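The values are calculated or read from the model by the stated rules, or taken from the named source; none is laboratory data. Note that the structure is predicted; figures quoted are calculated from it, not measured. Cβ placement follows ideal geometry from the backbone for every residue including glycine, while neighbour counts extend to all protein chains displayed.
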Amino acid sequence: MKPFALGAAFILIFFSSPFALDNIYTTSTPDIVGNMDMRLELTPDFGYFTGYFDSDGKREDYGTDTLSMQFYLPLKARLGIRDIAEAGIVLPFVMNKEKLGQNSLTGSGISDVWLYGKYRAMVDPVVSFHLAFKLPTGNDEPEEDALPTGEGQVDLDLGFGLKYKPDLPGPKPDVELIAGYRLKLSKKMQYWYMGFTREYDYNPGDIISYKFRGGYELEGGTNFGVLFTGEMGISDDKMDDTTLEDSRKSIAKMGVNVKAPITSNIALDGGLLFDMSGKNREAGVEIFVAGTVGFNLTR
């Protein structure tokens, strides 16, 4: 690969955002499913990025000969426990493509798997708490001409959720908030210099993730809403004991969201999100559609 293409590839990978939100908050809800109820959710998510936000928050366009695309396909399984808790797993598949003039980089395969538990402390309004673990099952060290499918380190996400929807007949407001602190643990990395290979600890900066949805549910159950979601970096990355200045990553997205029940056990959830502001992250548009099928394991 030509040197300029390698340089552009480094920029795209550094600012890339395939694994930050992971749909964990975008399509999640503060509430839980019923006792021994199982929900299977498939959420195709397509991102198209034409630029990036630099370390000062200024948006820069890639230009006509450079772009970035990502297709993220997570399968989520949710299980309700005694009407007070929920356990789940997210198994994601990812496909990435970066176009760099006449050159392109691709990467596809299993991404990082999430395991989570959620406890509902109150019912009306809903108040819940969650703890999630991200396992580094994706490939974070691909070949020179490929893109990663995972981040390569363990994440811990601890947060809470609030949901207000009055139990009244007819149309009603539906408001949700999810927020959490994500602790990103370190990982071992290597680089080659002057004929020697050196190993070091790389520790990505921690972040605060959030989702706010203000919606209105019609009488038939269809729900229209405005969606705000994103991340706020609260610390810079570190290489061993050296802090990489201005490396923290943030993104703020805004869009619309529609939820529609098809039957008592099948539902759809889709939306469109635009990247409004950020730092050290790609900028573009995101489209997602979630399909849910539910059943009870005791029936």
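Structure notes:
- Leu168 being in a strand (DSSP E or B) and aliphatic (A, V, I, L, M): no
- Lys249 surrounded by 18 or more Cβ atoms within 10 Å (Cβ to Cβ), within 16 Å of the chain's Cα centre (by Cα) and closer than 25 Å to Phe160 by Cα: yes
- Between Arg213, Arg299, the distinction of being under 30 Å from Leu168 (Cβ atoms), at pLDDT 95 or above and either charged (D, E, K, R) or buried (at least 21 other Cβ atoms within 10 Å of the Cβ) (or both) belongs to Arg213 only.
- Segment 54-77: number of residues that are part of a strand (DSSP E or B) and among the small types (Gly, Ala, Ser): 2
- Those residues of segment 159-212 which are over 23 Å from Pro142 (Cβ atoms) and charged (D, E, K, R), in sequence order: Lys163, Lys165, Asp167, Lys172, Asp174, Glu176, Arg182, Asp206, Lys211
- Against the conditions (1) farther than 20 Å from Tyr48 by Cβ; (2) out of contact with any Ser or Thr (no Cβ under 7 Å at 6 or more places or on another chain), Gly255 satisfies every one except (1).
Every residue, every condition in (1) over 25 Å from Gly138 (Cα atoms); (2) free of Cβ contacts under 8 Å to residues at least 40 places away in the same chain, yes or no:
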residue	(1), (2)
Thr27	no, no
Pro30	yes, no
Tyr52	no, no
Glu60	yes, yes
Ser68	no, no
Ser111	no, no
Lys118	no, no
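- Condition met for Asp269 (of a type in the set (Asp, Glu) and either free of Cβ contacts under 8 Å to residues at least 12 places away in the same chain or farther than 30 Å from Arg82 by Cβ (or both)): no
- Set side by side, the residues Ser277, Ser264, Ser235 differ, and just one is among the polar types (S, T, N, Q), modelled with pLDDT of 90 or more and in a loop (DSSP other than H, G, I, E, B), which is Ser235.
- Any hit, segment 50-64, residues being of a type in the set (S, T, N, Q) and under 29 Å from Gly214 (Cα atoms): yes
- Hits in segment 55-110 - residues which are on the phi > 0 side of the Ramachandran plot, modelled with pLDDT of 90 or more and exposed (fewer than 14 other Cβ atoms within 10 Å of the Cβ): Gly57, Arg82
- Applying a threshold of 8 Å to beta carbon distances and a minimum spacing of six or more residues, or different chains, the list of pairs starting in segment 160-174 at a residue that is within 12 Å of Asn223 (Cα to Cα) and ending at one that is surrounded by fewer than 17 Cβ atoms within 10 Å (Cβ to Cβ) and β-branched (Val, Ile, Thr) reads Lys165/Val175.
- Some residue of segment 219-228 being buried (at least 19 other Cβ atoms within 10 Å of the Cβ), closer than 22 Å to Gly57 by Cα and either within 19 Å of the chain's Cα centre (by Cα) or modelled with pLDDT of 90 or more (or both): yes
- Output for segment 117-165, where each listed residue is acidic (Asp, Glu) and assigned to a loop (DSSP other than H, G, I, E, B): Asp124, Asp140, Glu141, Glu143, Glu144, Asp145, Glu151
- Single unsatisfied condition, Asp22 versus (1) in a loop (DSSP other than H, G, I, E, B); (2) at pLDDT below 90; (3) loosely packed, with under 14 Cβ neighbours inside 10 Å: (3)
- Looking only at residues in segment 259-286 that are in contact with a Leu (Cβ under 8 Å, 6 or more places away or on another chain) and of a type in the set (A, V, I, L, M, F, W, C), the one that is farthest from Asn296 (Cα to Cα) is Val285.
- Residue satisfying condition, being farther than 30 Å from Pro261 by Cβ, not aliphatic (A, V, I, L, M) and not in a loop (DSSP other than H, G, I, E, B), within set Tyr202, Tyr210: Tyr202
- Residues being over 29 Å from Ser247 (Cα atoms) and assigned to a loop (DSSP other than H, G, I, E, B) are represented in segment 84-94 by at least one member.
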